[in-house]
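Q: I have a structure here, written as structure tokens, and I will follow up with some questions on it.
The values are calculated or read from the model by the stated rules, or taken from the named source; none is laboratory data. Just so we're clear, the structure is a prediction, and the values are computed from it rather than from any experiment. Here Cβ is always computed from backbone atoms with ideal geometry, including for glycine, and neighbour counts include all displayed protein chains. Accessible surface is based on the protein model in full, side chains and every heavy atom, while ligands, DNA and RNA are left aside. Shrake-Rupley method; radii C 1.70, N 1.55, O 1.52, S 1.80 Å.
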Amino acid sequence: MRHLLSTRELARDEAIELLDIAEDMARVQDREVKKLPTLRGKTVVNLFFEDSTRTRISFEAAAKRLSADVINFSAKGSSVSKGESLKDTAQTLAAIGADGVVIRHGASGAPQVLAHSGWIDAGVINAGDGTHEHPTQALLDAFTLRRRIHGAGASRGRDLDGVRVVIVGDVLHSRVARSNVWLLHTLGAKVDLVAPPTLLPVDTSAWPARIGYDLDEAVDSAPDAVMMLRIQQERMHGGFFPNSREYARAWGLDDERFRRLPADTMVMHPGPMNRGLEISAAAADSAQSSVLEQVANGVSVRMAALYLLLAGEEGAR
Ligand code: NCD
């Protein structure tokens, strides 16, 4: 694997290989010394043009646990805020010898540009581009689902055949939803998208997912997982729903809906959560919630991605 830019172009076998390597990495996380020498001497740059908590520290932890040198670069406080272009930034990173670049950018397609530009010869991982994709988030979600459904010890080599996932909320602005729709489909899961019509893309006819508008119906259909999406205020310029209370009442996983869910339905959220808006505190903090498990698994999955991109032949298992 040269780059990891989207899940849409990820084949089933590639996805499963990555998830299986993440299982190995997860075992390392359980050890007292959580470090492998695999990427010693390699340099990974975290290039973040948009805010992030989980994704950035997760990539940093992942690279460090593989013994890479890590450079964290956030656009705030850099020459980017002086108007430096992506090209100049990329050439600067090339000049300092970056082997891998993890990029988050507000513009959909920026990681593809970086990967195919010729400005830099590094492996590129998309850590979220605009409203387009966020492949490592979908992979960590799939990893979390696979472990809960098959068990950590019995997950290896398995896909998500027949698993039913309902993705709820601000699909329109969500790169997490897009990456999940493609990957879950590739892994054999059935995806339902449930949202107000104003928060769905105009044309979803090419998406391998069913569209619905009724969260109560979705809850009563007893899915294996409900994945709640954050309302992305920062990407909204206009009225997409009347007000927060209305949204929570119609589209939120509130206490009442949460109680109606079967006891083994997973409650997922990529974070950061708007508690009380798309998800109630009781649902978020319940035993059914996998929110923190998703964060922990993110490190293993990102270790696997960095390994596949940067370890090369000499790092073979
Ligand atoms: C997501 C993102 O930035 O796309 N967060 C994350 O990476 N954990 C989802 C979001 O911001 O709502």
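Q: So which GluC sites (Glu not before Pro) in the stretch 1-73 pass both tests, a DSSP loop state and at most 15 other Cβ atoms within 10 Å of the Cβ?
A: Here the GluC sites (Glu not before Pro) that fit, given the DSSP loop and packing criteria, are Glu9, Glu32.
Q: While we're looking at this one, here's another question. Between beta-carbons, use under 14 Å as the cut-off and find the net charge around His3, counting Lys and Arg +1, Asp and Glu -1.
A: Net charge in that neighbourhood comes out at -4.
Q: A follow-up question, please. Express the relative contact order of the chain as a whole percentage, based on alpha carbon pairs under 8 Å and six or more residues apart in sequence. Walk me through the numbers on the way to the answer.
A: On the way: 594 pairs, mean separation 67.9, N = 317.
21 percent.
Q: What does the charge count around Ile167 come to, taking other residues whose C-beta lies under 13 Å from its C-beta (Lys +1, Arg +1, Asp -1, Glu -1)?
A: Residues close to Ile167 contribute a combined charge of +1.
Q: Still on this structure, please answer the following. Near Arg147, within a Cβ-to-Cβ distance under 15 Å, what is the net charge of the other residues, with Lys and Arg +1 and Asp and Glu -1?
A: Charge balance near Arg147 sits at -4.
Q: Per 0.36 nm of contour for each residue apart, how much would the distance between Leu292 and Glu246 grow if the chain were fully extended, relative to their Cα-Cα spacing?
A: Extra length from Leu292 to Glu246 when fully extended: 13.8 nm.
Q: Give me the number: length gained by fully extending Glu84 to Arg54, i.e. 0.36 nm times residue separation minus the C-alpha to C-alpha distance, one decimal in nm.
A: 8.2 nm
Q: How long is the gain from Ile96 to Ile71 if the chain were fully straight, where each residue apart is worth 0.36 nm and the alpha carbon distance is subtracted?
A: Gain in length upon complete extension: 7.9 nm.
Q: While we're looking at this one, here's another question. Antiparallel DSSP bridges in the chain: what percent, to the nearest 5?
A: Restricted to the chain, the bridges split so that about 5 percent are antiparallel.
Q: When the chain is treated as a GNM, springs tying every alpha-carbon pair under 10 Å, which of Leu253, Leu292, Leu18 comes out with the largest mean-square fluctuation?
A: Leu292
Q: Shifting gears a bit: Given the stretch 1-88, what count of lysine pairs have C-alpha atoms under 20 Å apart, with each pair 8 or more places apart or on different chains? Walk me through the intermediate numbers first.
A: On the way: Lys34/Lys42; Lys34/Lys64; Lys35/Lys64; Lys42/Lys64; Lys76/Lys87.
Going through the stretch 1-88 pair by pair, I get 5.
Q: Classify the stretch 121-211 as rounded, prolate or oblate from the Cα gyration tensor: take a ≥ b ≥ c as the square roots of its eigenvalues, call it rounded if a/c is under 1.5, otherwise prolate when a/b beats b/c and oblate if not. List each step's numbers first, then the result.
A: Numbers: a/c = 2.26, a/b = 1.25, b/c = 1.81.
It is oblate, given that a/c is not under 1.5 and a/b is not larger than b/c.
Q: Now for a different question. Round to a whole number: what % of the accessible area of the stretch 46-102 belongs to carbon and sulfur, probe 1.4 Å?
A: Accessible surface attributable to carbon and sulfur in the stretch 46-102 totals 48 percent.
Q: Below 8 Å between Cα atoms, with a sequence gap of 6+, how large is the relative contact order for the stretch 135-290 in percent? Intermediate values should be presented prior to the final figure.
A: Details: 253 pairs, mean separation 34.8, N = 156.
It rounds to 22 percent for the stretch 135-290.
Q: Another question, if that's okay. Tilt of helix 86-95 relative to the longest C-alpha principal axis of the chain, in degrees (0 to 90, nearest 10)?
A: Helix 86-95 and the main axis of the chain meet at about 40 degrees.
Q: Now for a different question. From largest accessible area down, sort Tyr247, Tyr213, Tyr307; use a 1.4 Å probe on the protein chains.
A: Tyr213, Tyr307, Tyr247
Q: Just to be sure I understand: with springs between alpha-carbon atoms less than 10 Å apart, which residue in Asp129, Asp264, Asp30 has the highest mean-square fluctuation in the Gaussian network model of the chain?
A: Result: Asp30 has the largest fluctuation of those listed.
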